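Participant: One structure coming up, written as C-alpha cells, with questions to follow.
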Amino acid sequence: MQSNPAQPFWHLSIEEACQQLAVNQSGLNQQEAVQRMEQYGPNTVKASGRSSGLFLFLSQFRSPVTILLIVAALLSAGLGDVADTIIILTIVLISSLLGFWQERGAANAVTELLKMVALHCAVLRDGKTLEIPLEGVVPGDNELVAKSLALQICMPKPNILTGSAMQKDE
C-alpha cells in the first residue's frame, strides 16, 4: 500500500483510494485479508495497561483539595495540635479510600461491559458481502453502510425548537 500525504483520503476518488490501498471495488480476497491481518494486526484500540491498586490509591492524593488538607495537617502538627492533625488525616484517608473504591468499581464495570460488546460490520470480500467482527476489518476492506443508515445520515433533521427547517405557507 502506498500513501500520498499531500492529499487527505477524503479528497480521493474511489479509483484513487482503491489504487492507494491496492484493492479493487469488489473487495479483498480472503488470502489478501489474511496477509493484511498478519501485517497490521487486529482492528482494535490498545487498552491502556491496567493500573495497579497501589497506583490507583496513591492517585487519590493528587487532588488540590486533598493536598491542601495534607498541608493543613502538617501545619497543625507543626503547631503541636495533635487532635486536629489526626482528624484532618483521618478525613483525607477516608476520602481517599472511598475514591479508590469507587474508581476501582468503575474500572471493573467498564472492563466487563467491553467484554460483552461484540461489534460486527459488513464488508466485501471476493465480491461477496460478509458480516465479520470489527476486529477482523483490515486496511483495504470495502465496508458497506446500510441504506437506512445512509438515508438517516443524509436527510436534514428539522430543528424543532427554532423551526428552521420547517416550511412556511405565505
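The values are calculated or read from the model by the stated rules, or taken from the named source; none is laboratory data. Nothing here was measured: the structure is a model prediction, and the numbers come from that model. Note that we place each Cβ from the backbone using ideal geometry, even for glycine, and neighbour counts take in every protein chain shown. For accessibility, only protein heavy atoms count, side chains too; no ligands or nucleic acids. Shrake-Rupley method; radii C 1.70, N 1.55, O 1.52, S 1.80 Å.
Participant: Quick check on the stretch 121-145: of everything there that is at pLDDT below 80 and either in a strand (DSSP E or B) or touching a Leu at 6+ places or on another chain (Cβ under 6 Å) (or both), which residue is surrounded by the fewest Cβ atoms within 10 Å (Cβ to Cβ)?
Facilitator: This residue is Glu143.
Participant: Same structure again: Quick one: which residue in Ile14, Ile70 is more than 27 Å from the chain's Cα centre (by Cα) and either basic (Lys, Arg) or open to solvent by 80 Å² or more (accessible area, probe 1.4 Å) (or both)?
Facilitator: Being more than 27 Å from the chain's Cα centre (by Cα) and either basic (Lys, Arg) or open to solvent by 80 Å² or more (accessible area, probe 1.4 Å) (or both) holds for just one of Ile14, Ile70, which is Ile14.
Participant: Sort out for me the helices (runs of 4 or more DSSP H) sitting completely within the stretch 12-105 that have 1 or more residues that are within 29 Å of Asp141 (Cα to Cα) and hydrophobic (A, V, I, L, M, F, W, C).
Facilitator: In the stretch 12-105, the matching helices (runs of 4 or more DSSP H) lie at 14-21, 30-40.
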